[in-house]
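Before any comments, here is the structure.
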Amino acid sequence: MKKMFCIGYKCTLCGKEFPYNGKMLTCPECGEKGILDIQFDYQGIKSALTREKLAANKNFSMFRYAPLLPLRNTDFGRYLRVGYTPLYKANLIHSELGLDSVYIKDDGHNPTGSLKDRASAVAVAHAIENDYTTIACSSTGNAASSCAGNAARMGIKSVIFVPQRAPEGKLAQLLVYGAKVVSVAGDYRATFELSRDAIAKYGWYNRNAGINPVMTEGKKTVALEIAEQLDWNVTDWVAVSVGDGCTVGGIYNGFRDLKEIGLIDRVPKILGVQSLGCCPFVTAATGDGKLVPAEENTLADSIAVGIPRNPVKALRAIRESHGAWIAVSDNDILEGMKLLGRTEGVFSEPAAASVTAGVKQAVQDGIIKKSESVTIISTGSGLKDVKNALKAVTRPVPCEPTIEALEASGIL
Ligand SMILES: *Cc1c(COP(=O)(O)O)cnc(C)c1O
Ligand SMILES: [Zn+2]
């Protein structure tokens, strides 16, 4: 058993604090909206997680940051290898974006193909530590497939609620990983509500990201990795797409933790990217700050969340980091997908490609300056949603199997 550095919970709404018991989901006073933050003993972590210890650590997965995770277990060989995904210095894309320096964090390299593995690995571990035999979630796709994959590897059952519009690649993953899959006739909201009621009724472990505070802590490991891979000199900006808001909230928490323990000296500005067809955070930020339910009208299914479940952490991430919100059209997303693929060889699903489009827009709008460095997080692999990717590109040129036909085809 590893030493635990979690000391408590703090409600993000009313500020009330509770001692850490490894089990709390939401604030008993505020109910479902009272999302909790986990609090850490930063003094203790300071000596457990030093640059030297990390440099000598041979665990090349997110579990190298175990002191900053809400887990007791240390048997990490039993897990899928989540995290420690590549961070590339851009060869070409920075000049096309009008920037001096760009990095790309390719989280499509996780075992089930998205950043969601970081949350699911922690959730499954946490479920097992708390003696659950079944884990459940509702999801637009990636949370589900990562939950199912990590649960399969760790030997517990998964029950997954998906809205009908989930792309087939993601559905296929769930089914192959052996999950019980419930395809709900409705939107994400209806799916979420059914899962919530079923979880309450059957007593399963709740992997719903908006509610469960360990989820943000898993996702924050992407920030820890970016900082370590940049040798603790973080870029001026880190850009990521936003649906429920759990990922962006986690990224902020990760950088904040590193600053608290003295491994970095500043938190990067965070650019939160949404799709114009579903951008409740952008609308709130440019209006009176109030979130109103939005339509879910975008091909970027992973960020098509009309009623975000983690608004407090998401809004805080952008505000406290002095970052910005931006929205891009579906067409910009497809262009961003092609740009990243063509210039750097990284294939993103639409929600991930929105980040490239968002950075481009933010440069054009003067939000990001040419001299500022930027990390683009590609949150999921393009192979997850081939149907939409094919909308971005032209069809291959048909050709008879002769050199003459090849020359006549015009492709060369
Ligand atoms: C879930 C997801 C996001 C957004 O994360 P939230 O926590 O919902 O804000 C972005 N990109 C991809 C690929 C995702 O799966
Ligand atoms: Zn509260």
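The values are calculated or read from the model by the stated rules, or taken from the named source; none is laboratory data. Everything quoted here is computed from the prediction, not taken from an experiment. So basically every Cβ, Gly included, is an ideal-geometry build from the backbone, and we count neighbours across all protein chains shown.
Let me spell it out: the conditions are (1) assigned to a loop (DSSP other than H, G, I, E, B); (2) surrounded by fewer than 24 Cβ atoms within 10 Å (Cβ to Cβ); (3) in contact with a helix residue (DSSP H, G or I) (Cβ under 7 Å, 6 or more places away or on another chain), and residue 88 meets all of them except one. Which number is the exception?
(1)
If you scan the stretch 21-50, which residues turn out to be of a type outside the set (Lys, Arg), surrounded by 15 or more Cβ atoms within 10 Å (Cβ to Cβ) and within 16 Å of ligand 2 (Cβ to nearest atom)?
24, 25, 26, 27, 30, 34, 35, 36, 37, 38, 39
What number goes with the only condition from (1) closer than 20 Å to residue 230 by Cβ; (2) surrounded by fewer than 12 Cβ atoms within 10 Å (Cβ to Cβ) that residue 364 does not pass?
Only one criterion is unmet by residue 364, namely (1).
Taking the stretch 51-63 as the region of interest, how many residues are surrounded by 14 or more Cβ atoms within 10 Å (Cβ to Cβ) and closer than 15 Å to residue 79 by Cβ?
Qualifying residue count for the region: 4.
Would you check which residues across the stretch 198-209 are surrounded by fewer than 24 Cβ atoms within 10 Å (Cβ to Cβ) and either within 16 Å of ligand 2 (Cβ to nearest atom) or hydrophobic (A, V, I, L, M, F, W, C) (or both) and list them?
Scanning the stretch 198-209 gives 198, 199, 200, 204.
Can you go through 375, 394, 356 and tell me which one is part of a helix (DSSP H, G or I) and of a type in the set (Ser, Thr, Tyr)?
Values: 375 fails: part of a helix (DSSP H, G or I); 394 fails: part of a helix (DSSP H, G or I).
Matching residue, one of 375, 394, 356: 356.
Which residue pairs have Cβ atoms closer than 6 Å, lie 6 or more positions apart in sequence or on different chains, and pair a first residue in the stretch 103-121 that is under 28 Å from residue 92 (Cβ atoms) and outside any helix (DSSP H, G or I) with a second residue that is basic (Lys, Arg) and within 11 Å of ligand 1 (Cβ to nearest atom)?
113/384
Scan the stretch 299-328 residue by residue and report those that are in contact with a Pro (Cβ under 7 Å, 6 or more places away or on another chain) and polar (S, T, N, Q).
So in the stretch 299-328, the residues in contact with a Pro (Cβ under 7 Å, 6 or more places away or on another chain) come out as 299-301, 306-308, 314, 321.
Selection gives 321 alone.
Can you confirm whether residue 359 is within 19 Å of the chain's Cα centre (by Cα) and at pLDDT 95 or above? Talk me through it step by step, then tell me what you get.
On the way: within 19 Å of the chain's Cα centre (by Cα): yes; at pLDDT 95 or above: yes.
It is true that residue 359 is within 19 Å of the chain's Cα centre (by Cα) and at pLDDT 95 or above.
Taking residue 9, is it assigned to a strand (DSSP E or B), in contact with a strand residue (DSSP E or B) (Cβ under 8 Å, 6 or more places away or on another chain) and within 16 Å of ligand 2 (Cβ to nearest atom)? Break it down into steps so the answer makes sense when it comes.
Values: assigned to a strand (DSSP E or B): yes; in contact with a strand residue (DSSP E or B) (Cβ under 8 Å, 6 or more places away or on another chain): yes; within 16 Å of ligand 2 (Cβ to nearest atom): yes.
Judged against the criteria, residue 9 is a match.
Take the residues in the stretch 306-330 that are within 10 Å of residue 270 (Cβ to Cβ) and of a type in the set (A, V, I, L, M, F, W, C); name whichever of them is surrounded by the fewest Cβ atoms within 10 Å (Cβ to Cβ).
Here the residue is 324.
Could you tell me whether the stretch 17-35 includes any residue that is of a type in the set (A, V, I, L, M) and out of contact with any strand residue (DSSP E or B) (no Cβ under 8 Å at 6 or more places or on another chain)? Reasoning before the result, please.
So in the stretch 17-35, the residues of a type in the set (A, V, I, L, M) come out as 24-25, 35.
Keeping just the survivors that are out of contact with any strand residue (DSSP E or B) (no Cβ under 8 Å at 6 or more places or on another chain) gives none.
No; the residues of the stretch 17-35 include none that is of a type in the set (A, V, I, L, M) and out of contact with any strand residue (DSSP E or B) (no Cβ under 8 Å at 6 or more places or on another chain).
Cβ contacts < 6 Å: first residue surrounded by 24 or more Cβ atoms within 10 Å (Cβ to Cβ), restricted to the stretch 213-241; second residue of a type in the set (Lys, Arg) and part of a helix (DSSP H, G or I), any location; separation 6+ or different chain. Result?
Taking only residues 6 or more apart or on different chains, the pairs are 218/118; 219/118; 221/118.
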